Structure formats: C-alpha cells, structure tokens
1. Quick check on packing: order 131-143, 70-82 by the mean number of other C-beta atoms within 10 Å, highest mean leading.
2. In whole Å, largest first, what are the principal axis extents of the Cα atoms in region 575-647?
3. Summing Lys, Arg as +1 and Asp, Glu as -1, what charge do residues with Cβ under 14 Å from the Cβ of Val477 carry, Val477 excluded?
4. Is the shape of region 363-512 rounded, prolate or oblate, going by the alpha carbon gyration tensor and its root eigenvalues a ≥ b ≥ c, with a/c under 1.5 for rounded and a/b larger than b/c for prolate?
5. Taking the simple approach of a point 7 Å from Cα along Cα-to-Cβ for both Leu595 and Gln537, what is their distance in nm?
6. Could I have the simple spin-label model distance between Ser91 and Glu239, label points 7 Å from Cα toward Cβ, reported in nm to one decimal?
7. Taking the alpha carbon gyration tensor of region 229-378, what are the square roots of 5 times its eigenvalues, largest first, to the nearest whole Å?
8. Please work out whether region 388-640 counts as rounded, prolate or oblate from its C-alpha gyration tensor, where a ≥ b ≥ c are the square roots of the eigenvalues and a/c under 1.5 means rounded, while otherwise a/b larger than b/c means prolate and anything else oblate?
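Just so you know, all these numbers are worked out from the coordinates, no wet-lab data involved. Just so we're clear, the structure is a prediction, and the values are computed from it rather than from any experiment. Using ideal geometry, Cβ is built from the backbone for each residue, glycine included, and neighbour counts are taken over all protein chains shown.
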Amino acid sequence: MNRKIIRSDGSVRNLRIGVVVTMTCITMILSIAGMLFLALNQHATSSEYSQMIDNDLRNRENLTKISKDLYNHEEMIFQYIISDNITWTRSTVREEAAELETELENNLDEFGKNVSGTEYEQYYRLIDLGMKEYLESVVKVMEFADSGNIQEANFYMNSCLNKYIFKINNTISDYEKLMTEDIEETRISMQHKTAQASQTTVVGIPLVVLFSIVSMLTCGKISKKLLTKDSLTCADNFECFQKICGKLVKKGHFANYTCVFCNIKDFRFYNSKFGYKTGDQVLIDLAQHIKSFLVKGEYFSRDGGDSFSLLIFSEREDQFISHMKDISLNILGRENMIEVYCGLYSIRKDDVPGDAFASCTLALSTARENTSEAFIRYEPQMFTEMDSRMDTLYLCNQGLKNGEFIVYYQPKVNIETNTLCGCEALVRWLHDGKLIPPVKFIGLLEEKGNINALDFYVFRRVCSDISEWLKKGIEPVRVSSNFSKLHLKDPHFADKIMNVINEYGIDPKYVEIELTESSAYDDFNSLAEFVKNMKEQGIFTSMDDFGTGYSSLSMLRDLDVDVIKIDKSFIDDLEKADNPNKKMIGNIVRMIHDLDREVICEGIETKEQVEFLKKINCFAAQGYLYDTPLPHDEFEKRLNDPVYHNK
C-alpha cells in the first residue's frame, strides 16, 4: 500500500509573517510621523472594513439559517398534512415544527439586533413581517389538516406558504446585494485613503516610498485574501469558487472540468476524541494534500466544516481518486488513516454552476450512503431514484394510515427437541396486491425518521395477536419485535412500550424487544437505561446482528440484555475446513453462556449447520431450514403443532 504521509508546513507561513513584521517596523522607523499617519489611517479603515465583513458574515449566516429552516419547516408542514390520521405522529411533527419556529425567531432576532439603527433595518422589518404572515398561514394549514380537509390544506400551503417564503428569500437577496455594494464602496474608500496616505510619505524620503509601496502591496494582498480565502486552510472560500466557475462558463471552458465535492468520513470523531484544535489541524493537512494534487488551471475551496469543492480536469479523474485513497495524516505524533467521501460530476457543454453543484451534492449523498464505495460519479438515474424514494415515503405513510402493513412470524426452534421455542415478528407491505419486502422501505423510513411509526404499528399488531391467541386457549411463544435505534432518542420509549402491553392486557413474558448491535455504540447509555427499564417490567430484550459491528466483552458485560442473536455471516461456508469462523463462533457462544445470556443463531439453512451448533452448545436456531416467515394463520397452525418432524 502506497501511503501518503502529510504534515502541515507552517515554516513558510511563519516566514511570510516575519517578513511583513520586519518591513513594517523599518517603515515605521524611517517614515516617523508620515508612516504613523499612514498606519493610523490604514488601521482605522481596515478596522471599519473588517467590522463590516464580520457583521456581514454573521448576518449572512443568520439569514442562511432562516432560509434553510423555512424550507425544513415547510417540509414538516407537508409531513403534518400527509400524516392525517396518525395522531401521535402529527403531535410529534407539531412539536418539532414549534422548536424550528423558535430557532427561526431567535435567528431573526439576532439579525434584527445586528442591523438595528442602520440602513439595513428595513430589511429586518420586511423579513419579520413575511415571517409573521408565513406562521399565521401555517396555523391555517394545520387547522385545515386537523379538520380532514387535506385538499384545502395542500392548496393553502402551495398558494400561501410558498409565496411568503419566496417573499422572504427575495428580501434576503436584496439585502445581500446592497451589502455587497456597500462592501465594495468601503473597499474602494480604503484603497483611496491608503493612496492618499502613501502620497504624504513620498514627499521627503525616497526610501520610505519604496517601503510604503511594498507595504501597500502586502496589505492589498492580505485584504484580497480576507475576501477570497478560507482563514483556516488558505483554500479559496466557496463564494470565490462560484465566481471562478462563472468565469469559466463565460470563457466556454467549464465543460473541460469535473466538479468534486468531498467530506471527511466521521469527522466528528476527530473533534470529539482529539479536540477541535486537532480537528482543525486535520482540515489544514487535508487541504495541503488536495492542493498538492492540483495543476495550473485547477481549483479548490473549503465550503465550511469538513466540506471541500474542486474543479479538476476531466481526464485526471482516476488520478484524483487514487490520490485521495489511503491518506495518512500525522495526528498528535501518530500516523492515522483518513477516509473521505467524494461525489464527482463530469460537466457537460451547456451546464451552469448550479447544475454541477446539484449533481455533485447528489453523488456525494449517494457515496455517504454507500457501504462499499466512497467515490461515486453522478449518474442521471440518481435523480430518478431520489424521486422514487420520496414517492415510496409518501406511499408508506399512506400505507400506515390504510393498514397495508401486515405481520409475519418466523419461528425460532430448539434444535435439541426440534420444538418451537419463540418467533420474530417481521413486517411486509401489501400494496396494490403486491407483497413488498422490508428491504424496499425499511432503510428509507429509518433514514427519514419515519421508522418509529412503523415499529409501533407492528408492535401493536403483535400484542393484538398474542391477546387473540390467549383468548382462543392457544399458548403463545415469546415474540421478538424489532425497534430502530432512533427510538432511544425518545425518553418515553419504555413507557410507550408498556402502554401498548397494558392496553392489550398481555403478560410481558410473551414480549421480547429486539435492537441491533449498532444501537450500543451509537448511544450506549440510553440503550443500557432502556434495557434496565425493560428488565424491571419483566420484558425480554435481545441484541440482533451480534458480531457485525464493534462488539466488545465490556459491552456485553455492561449491557444486561437477555438474548444475543449471532449474525448468519458467522455460519456461512462452514463446510470449508479452513473457515476461521468455526473456532470464533464456538468461543462467542461459550462467552455468552458464561455471562448467563441466551444465544440464538439466525440464518440456519442446512442440517450441517445444525449439527455444528449442537457441538458448540447453541441450541436455539432460526432459519429457512425450519420455516420461512409465516403469515398469521399459518403461524397459528404451528403454535398448535410445535414439533418439527424429520428435521
């Protein structure tokens, strides 16, 4: 492996600073009063300019947040409309919308304070008026939705909410144009005052003139950097990058490039583990690494956070990908591998910068979601897939409302007695007469945060079926119901589960709550507290997909779950003599038994696998060798005949 070790070189930067300081000192000594006058004028003008830049950046940041939050808020209102018969979902959306409204008001108030008493205050008043009109319209949309008048709610949303958002964004654009003009006037004023001050030094001391010119050139260069460069990495800022793209379009050269957006994988990890100072150093070193690849005519910028944008010549795409793989940086004296996500788009003849940016963003999002490839080139079907995903999300919400989701039960078997000993509840979607498997919608619902509604929908059906079997005199087995790790963010998660169990009046011993192993390292404390609450209520908990993530002995020791499910990947290819999983899974089962936990192996498909499990004392299995997931009536027959013959 050819690793590229990058270390930031601050010596050149320090040398430049030293030269500037030395020249300034000499100039001040030689010019005496003249240079003092120049310095005072330059300082006053630069301070005024810097203050305006700082105020502008703060105001733009607030307005950007307002614009972004408005679109997010509108999307929440749309979710509120389409979730018309799911009361608790609607309540959740209302709470989240209220939080976002508070954030909008706070950002707007901060903007108002910054421009109070200035010529820009009128823009604050216009935005504030538009915001009030927008929020008043939101109340009406919700009232229509609550009354069941979905069509009117949609009409009012499209005719009013979008109008006010457009009005607010137009005001923001007008403000930014005026601010840009004012900054330009200030810059011209600063240059004018600097020129005047320089002329005063020319009269008398020729040598001072030389140093003054050099000083002015240096100050001009620094001033330009303030406007075009990222202060941390010295890369272009995104505004400058956009201007470069615009110039290339005018010259007809834009189609010669590939546009690239980059993110660092798990960048928050570096900030949280090593501190923000080290995180900044990672950004500086990565910027140097990117810069080392570029040739004349190629450009890159830092967009903020860990995001970088590039324009590279299209014929150098493969070289760039190779350059960005296996990056090694020196972090606190140790070599660490850094991984990046990249979305690439080969610019076409008639493209404008907005087309390239949108396509790169979509490609980068695809790369972040992809588990096997971190460098993704844009493909036209990505937009089609995005539209399809949004349609699927809408249909899922409608499916929940219309009761289109059904529960199947996959048996768990005691392989010593070949007897049914439990089952797992699995969801299927019956839409337009077709049975849609979970792989088509579970990931999307989890990504968009809608999985919580489906999980509780399935859990209610499970509790209802258990209650029904008990009334028929059929003894149920323990049923495990899957819950997403997103539930752990809800402090009332455990209470909601108990409320459903109590509603159907069933014994908690028939219930098992199943979460994936990844829940433990995403939010271990919340998971541990939840498991403790479940145990106190007599409800079993299980950890699915054990061994596929970052499992550890301490995690098993500290997390008091009742059941560990061994992932099927461990028992695949057991017929191979050199398969290391044989010894590994035997040790894992022994370790789980030593911790007084139950253990079950999923994905059992052959008798050879069953014999292996018996040898390592794992006596619970789940898989197609015994049963595929069964619909309600078929599983009820299995409850009445729990013995598997000829297995």
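1. Working: 131-143: 16.6, 70-82: 18.5.
Output ranking for 131-143, 70-82: 70-82, 131-143.
2. 41, 30, 19
3. Values: positive: Lys412, Arg478, Lys509, Lys637, Arg638; negative: Glu424, Asp465, Glu475, Asp507, Glu512, Glu598, Asp627, Glu636, Asp641.
Around Val477, the charge tally is -4.
4. On the way: a/c = 2.09, a/b = 1.94, b/c = 1.08.
Prolate, since a/c reaches 1.5 and a/b exceeds b/c.
5. Distance between label points: 2.3 nm.
6. Label-label distance for Ser91 and Glu239, simple model: 4.6 nm.
7. Values: eigenvalues 136, 54, 36 Å².
Equivalent ellipsoid semi-axes, largest first: 26, 17, 13 Å.
8. Working: a/c = 1.40, a/b = 1.30, b/c = 1.07.
The shape class here is rounded.
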